[in-house]
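Written below as structure tokens is the structure these notes are about.
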Amino acid sequence: MPAVLVPEGRAADPQRPAVAVFDGNWTLVSVDQATADLLGRRREELAGRNIWIALPELAGTIFHSFLLHARSVGDRVTWRGFYPPASCWLDATAHRVGDRLHVTLRPSAGPAPEGVSDLPAGAAEDDRLRFLAEVSESMVSTLDPGESMATLVDLVVPRLCDWALVSVLGDDGDPAGEGWAHRDPALAGDLDLYLSRRVRAADDDNPLVKALLTGEPIHLPVIDPAMVEPAIGGDEEVRAAWERLDAGSITVVPLRARAETFGVLGLVNGSARPPHSEMEIATAVEVARRASLAIDNARLYGRQLAVAETLQRSLLTPPPQPDDLEIAVRYLPASSTLHVGGDWYDAFQQPDGATLLVIGDVVGHNVDAAAAMGQVRSILRGIAYDRQEEPARVLTRVDAALTGLRIGTLATALIARIEQPGELAGSGRRVLRWSSAGHLPPLLLRGNGRVELLASEPQTLLGAESTRPRTDAVAEVGPGDTLLFYTDGLVEQGRTGIDEGTDRLVAAVRELAAVPVHRLCDALIERIVGRRPEDDVAIVAVRCSAQGGGPAG
């Protein structure tokens, strides 16, 4: 796409250099108006944006190679060359300061050699192929459908159009996601208003619907106002926004992969920009083809995540709520895996009325770990319910089952049994008995706000085939006390060591001593893990009420 060296009515000052500064991720952290003029853009279109997204036509040019070279060396480097996207000659100087690259640009002082003011015929096709390669490279960088759509509109605006809309359907045929962008920041609000409040008409005259139904590109060199009326739906604010957008023509290309049309890409030009040429339509079709494969891969990946996560969550059943205990559980999958893993929790009452709590972590962070977790959890649950035994004895029998059945997996686990012997009935005090197979120690938050780490003798993991006998540890819990069981994803977040992470957790629990137990779990996740956990996180929190009287254990 040819670009104008300097906007009409303005003259670049050859004595005043244009200056731009890139950070280590090629984001334009500083750009002046002179640079924007030379590159044929508004300053607002460049500032704060990644250069390869803001100027996709830059990719593959000699100026692109110059910038990469300047980044790789420590000395000041200079270049004079022809910049095809703007059909001009440039003088450029670049030097690195820390992780930032400072670039100055000037229009070339000397006259362009004869015959180079226009791009050679082959150069335009080379530039088109570079753009398509950039589309392929950019679209495969994520498996998130929302990010894929955002990347696509950033690639085509303003390279192929003034503004663009991408819409993807869900499995039920209803819209599952949309993304849009306008080249002019001043009109971005109008585009948001129009597209978010428009009436989604399903009539065959709608070009988006027609492209979906036919699987063929639709090109309208002129947009009939009557065609837009159903989308406006009598909303005067929507009408005013549409009029300010000043849409002159539209090309809609379907998003199609694996013999299924699942979305559309709409490319709209304002009235000041000519309708798309045949070459531009052909380019748009190829862009949509390449983007479709990437977006569809993201959709399929999302389906796989949903199935896997549904399966795992079906194994993590809700805890009981005994009259004298309040139990809260949380599970959060790692953000970088298939949203499944080997962490698990369990809580149930035994026939004698005691409450059994389990927290564990199978080695691994994938579907195999989740499958092994399901086996270990089921074996442990059945053995623990079958007999009212001490936790150490339960773990010993689970070890034997894993060995005898050749499960072939390793896991940490902690079993705790909360019971109330007859002599404590009515006092609100209870006995906590637990045994740990290499798992992190529980925390005990006393009613007075003191936090205790319930350390016990280190013992081997489940499945390690150790002959060393397992032992129990015992503590007394009182009215208002809270027990917290957790997996290592809560303490090792941020590549923190276990000791440092445990200290951080203790401090957070102390600060949150007064909040309800369910809010305690959520607050710990918010404070420590955030939205992108590096590892799976499982939590069981138990708050003891002031009421006693539970059955004897």
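Of all residues in region 383-417, which are touching a Pro at 6+ places or on another chain (Cβ under 9 Å) and either part of a strand (DSSP E or B) or free of Cβ contacts under 8 Å to residues at least 40 places away in the same chain (or both)?
Correct list: Ala384, Tyr385, Leu414, Ile415, Ala416, Arg417.
Which one of these is over 12 Å from Gly463 (Cβ atoms), modelled with pLDDT of 85 or more and in contact with a Gly (Cβ under 9 Å, 6 or more places away or on another chain): Ala384, Ala416, Ala354, Ala369?
So the residue among Ala384, Ala416, Ala354, Ala369 that is over 12 Å from Gly463 (Cβ atoms), modelled with pLDDT of 85 or more and in contact with a Gly (Cβ under 9 Å, 6 or more places away or on another chain) is Ala354.
If only one of Gly463, Gly480 is over 24 Å from Arg381 (Cβ atoms) and in contact (Cβ under 8 Å) with a residue 60 or more places away in the chain, which one is it?
Unique residue meeting the criteria: Gly480.
Hey, could you check region 261-274 for residues that are surrounded by fewer than 17 Cβ atoms within 10 Å (Cβ to Cβ) and not hydrophobic (A, V, I, L, M, F, W, C) and say which is nearest to Asn206 (Cα to Cα)?
Residue satisfying both the conditions and the ranking: Ser271.
Residue pairs, Cβ under 8 Å, 6 or more apart or interchain, first in region 252-274 and without any contact (Cβ under 8 Å) to a residue 40 or more places away in the chain, second surrounded by fewer than 20 Cβ atoms within 10 Å (Cβ to Cβ) and part of a loop (DSSP other than H, G, I, E, B). List them.
Ser271/Asp246; Ala272/Asp246
At least 1 residues that are among the β-branched types (Val, Ile, Thr) in each: list the helices (runs of 4 or more DSSP H) lying fully within region 131-220 that qualify.
In region 131-220, 145-156, 207-214 are the helices (runs of 4 or more DSSP H) which contain 1 or more residues that are among the β-branched types (Val, Ile, Thr).
If we only count strands (runs of 3 or more DSSP E) wholly inside region 430-513, which ones have 1 or more residues that are surrounded by 14 or more Cβ atoms within 10 Å (Cβ to Cβ) and of a type in the set (D, E, K, R)?
430-437, 451-453
Could you list all residues from region 265-279 that are closer than 11 Å to Ser249 by Cβ and not small (Gly, Ala, Ser)?
Matches in region 265-279: Leu267, Val268, Asn269, Arg273, Pro274, Pro275, His276.
What do you reckon, is Leu520 surrounded by 15 or more Cβ atoms within 10 Å (Cβ to Cβ), touching a helix residue (DSSP H, G or I) at 6+ places or on another chain (Cβ under 7 Å) and either under 28 Å from Val394 (Cβ atoms) or β-branched (Val, Ile, Thr) (or both)?
no
To keep it simple, each residue is scored yes or no on (1) closer than 20 Å to Ala150 by Cβ; (2) in contact with a Pro (Cβ under 8 Å, 6 or more places away or on another chain); (3) not assigned by TED's automatic domain parsing to the domain that holds Ala54.
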| site | (1), (2), (3) |
| --- | --- |
| Leu169 | yes, yes, yes |
| Ala181 | yes, no, yes |
| Tyr194 | yes, no, yes |
| Leu213 | no, no, yes |
| Glu243 | no, no, yes |
| Pro254 | yes, yes, yes |
| Ala272 | no, no, yes |
| Met279 | no, no, yes |
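Limited to region 258-278, what total is found for residues that are closer than 18 Å to Pro217 by Cβ and charged (D, E, K, R)?
Number of matching residues: 2.
So, Leu90, is that one at pLDDT 90 or above and among the aliphatic types (A, V, I, L, M) or not?
no
Just to be sure before I move on: is Ala437 of a type in the set (Gly, Ala, Ser) and either touching an Asp or Glu at 6+ places or on another chain (Cβ under 9 Å) or more than 16 Å from Pro458 (Cα to Cα) (or both) in the structure I sent?
yes
The values are calculated or read from the model by the stated rules, or taken from the named source; none is laboratory data. The model shown is predicted, which means the values in this text are computed figures rather than measured ones. Don't worry about glycine lacking a Cβ; one is built from the backbone with ideal geometry, like all the others, and counts go over all protein chains shown.
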